[in-house]
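The values are calculated or read from the model by the stated rules, or taken from the named source; none is laboratory data. Fair warning: this is a prediction, and the values are worked out from it, not measured in the lab. Every residue, glycine among them, receives a Cβ derived from its backbone with ideal geometry; neighbour counts consider all protein chains shown. For the accessible areas, the whole protein counts, side chains as well, though only heavy atoms, and no ligand, DNA or RNA atoms are used. Shrake-Rupley method; radii C 1.70, N 1.55, O 1.52, S 1.80 Å.
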Amino acid sequence: MTEIKELLQGLLTALPMTVSLFWTAAIALDLWRDGNRAAHRELLWWTVATALLYACHTVFFAHALAWLPVTDTLYVAMNLAVYPVFLYYIVTLTRGEVSKKASAALLLPPPNLRSHRGFALCADER
């Protein structure tokens with residue numbers, strides 16, 4: 001019975017990442033075949049961010065403690081990046097006018113906070 005429970009936990013843990021990777025591949029193939037119609041390039045960036053986010057979830061719920069400092073740092077960055085990237089996709093899709101400065105300001109917090117979080121985790125390990 002515990003083997004079935006472990007198998008089910010592994011499947012359910014990896015399912016969001018697998019679905020995100022599937023859609024990343026599907027959108028990338030569509031982008032390669034048909035070009036950037038309907039803002040597919042921006043949607044591809046969003047699916048990559050969600051796939052990385054769910055990969056970090058998978059590592060956490062699989063209790064892979066050796067990978068946790070790296071994936072926790074990546075998780076913080078992707079968690080902060082998912083919504084601004086999706087907003088950028090919506091704005092591009094609807095042909096809204098957003099200045100390049102505003103677009104850059106949306107994407108600045110994730111890398112900046114990721115580096116601070118990574119430094120804090122490295123300092124805790126010592």
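Ignoring ligands, DNA and RNA, what accessible area per residue does the stretch 22-75 give at 1.4 Å, in Å²?
63 Å²
With each label modelled as a point 7 angstrom along the Cα→C-beta vector, the L7-F22 pair spans 2.0 nm. As a fraction of the 1.4 Å probe accessible area of the stretch 1-65, surface on carbon and sulfur atoms comes out at 74 percent.
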